[in-house]
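See below for the structure under consideration.
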Amino acid sequence: MPFATLGLGSKLTQALKEKGYVEPTPVQAKAIPVILSGRDVIGVAQTGTGKTAAFVLPLLERLAAAPPARAMRALVIAPTRELVAQIEENVRAYGRHLPLRYATIFGGVGEGPQIQALRRGVDLVVATPGRLIDLMEQRHVDFSALQVLVLDEADRMLDMGFLPAIRRIVSKTPASRQTLLFSATMSKEIEGVAKDVLKSPTLVEIGARSTPADAVAQYVVEVSPAGKVPALIHLLKDAALESVLVFSRTKHGADRIGKKLSAAGLSTATLHSNRTQGQRLQALRRFKSGDVRVLIATDIAARGIDVDGISHVINFDFPPQPEDYVHRIGRTGRAQTIGDAISFVTHEDADNLRRLERFLGRGITRKKLEGYVAASAVPASGARDDASGDRASRPHGGLPQRAKGPWRSKGPRSGSFGPKRFGRGR
């Protein structure tokens, strides 16, 4: 199905052709005609399925077809600066042949240029909630001509505590607006927000809710806390780990990992909220261009990473919440490619691992590192914990085991791999 059949004009389809995009993804094919019709939409699809283009393309088409106005006509709200920058990049690429004006509003940089852009007049604004409210309080924001409001990554905005800010922004927009809400997951909280801010929305849902992309092979590796960095360096000896995103739980941890990898001769960059906006954008650019092979990030900063070709995600620190795991591993296996997600697990992560496997409805393949004795394998399916529950009495230190349940990995449930066994035929 070519893009033109969805109702997009020649200038947009020309830009898509120049970008090398021939056919829409499923979420784009379903969402674009509905959005063009003017109806409210809830879009639920896993990360990497093309959600951004699913709302950007019809948004640009609608703006180009309508009479211009001095005040903003469309507003996209996203949780992080990086995501705002990524959306703007897509807007400019797809709208390169359209006479539209765009602006971004986010913190970490001076307000002056953002205020000037609003005064000059823009068709589309992409903003984070905090800085947008700051400018609203200073009376620099005019919603009188707003036609379309987009809430992107709604699940993460709720996780980050932005719900009061979102409600405040929505309350200042015209009741006649079209509202689009996009999310990787559909929780009861998201359903509640949708009920409050959307009018008779059409649900566009691709794939199962709250589950990682099928294109991602998932592994767990047991390590000691002190063995994480050596295990990571060992893994990165494998050339098949071409473009690697490493997740750290803390900003300090990300910096420490980066220094250790750099000392080992590995090209790295770090991404977290203590970095300046310029440093964060430079880190993303270097990672996207392949100038650095490893990007170390915290959860919040990584929400803005929209990079095709990430071959591996490594959870250096195991995520405390299953939803964070889903978002993390969704950074690979994008754009119809395959990817690997490797999670380091210590004894302290046992409960979180059990919780994750219950959330997924299945176990995660256990592996051990060949040639690295400090990392032992997590017990395979069928092994039983000692009845006493004493961690020391369990095999291999007692990380959680799955005695039953389906396994989605095509390979053996447990086993080992070395520097030449992580490649998946890329």
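The values are calculated or read from the model by the stated rules, or taken from the named source; none is laboratory data. This structure is a prediction, so every number in the text was calculated from the model and none was measured. We place every Cβ from the backbone using ideal geometry, glycine too, and count neighbours over all the protein chains shown. Quick note on the areas: whole protein, heavy atoms, side chains included, nothing else; ligands and nucleic acids left out. Shrake-Rupley method; radii C 1.70, N 1.55, O 1.52, S 1.80 Å.
Quick notes on this one:
- Segment 2-43 - residue that is part of a strand (DSSP E or B) and of a type in the set (A, V, I, L, M, F, W, C) and, of those, farthest from A154 (Cα to Cα): V41
- Cβ-Cβ contacts under 6 Å between residues 6 or more apart (or on different chains), taken from a first residue in segment 25-53 that is at positive phi to a second residue that is open to solvent by 30 Å² or more (accessible area, probe 1.4 Å) and part of a loop (DSSP other than H, G, I, E, B), are listed as G50/T25.
- Segment 17-33, subset within 13 Å of T52 (Cβ to Cβ) and of a type in the set (A, V, I, L, M, F, W, C), residue surrounded by the most Cβ atoms within 10 Å (Cβ to Cβ): A31
- Within segment 192-211, the residues that satisfy the criterion of being within 23 Å of L36 (Cα to Cα) and open to solvent by 20 Å² or more (accessible area, probe 1.4 Å) are K195, D196, K199, S200, P201, T202, L203, E205, I206, G207.
- Residues located in segment 56-70, provided they are open to solvent by 20 Å² or more (accessible area, probe 1.4 Å) and modelled with pLDDT of 90 or more: E61, R62, A64, A65
- Test: residue in segment 342-353 that is closer than 25 Å to S243 by Cα, modelled with pLDDT of 90 or more and of a type in the set (S, T, Y): yes
- In the set (1) under 21 Å from the mean Cα position of the chain (by Cα); (2) open to solvent by 50 Å² or more (accessible area, probe 1.4 Å); (3) of a type in the set (S, T, Y), T5 fails one condition alone, (1).
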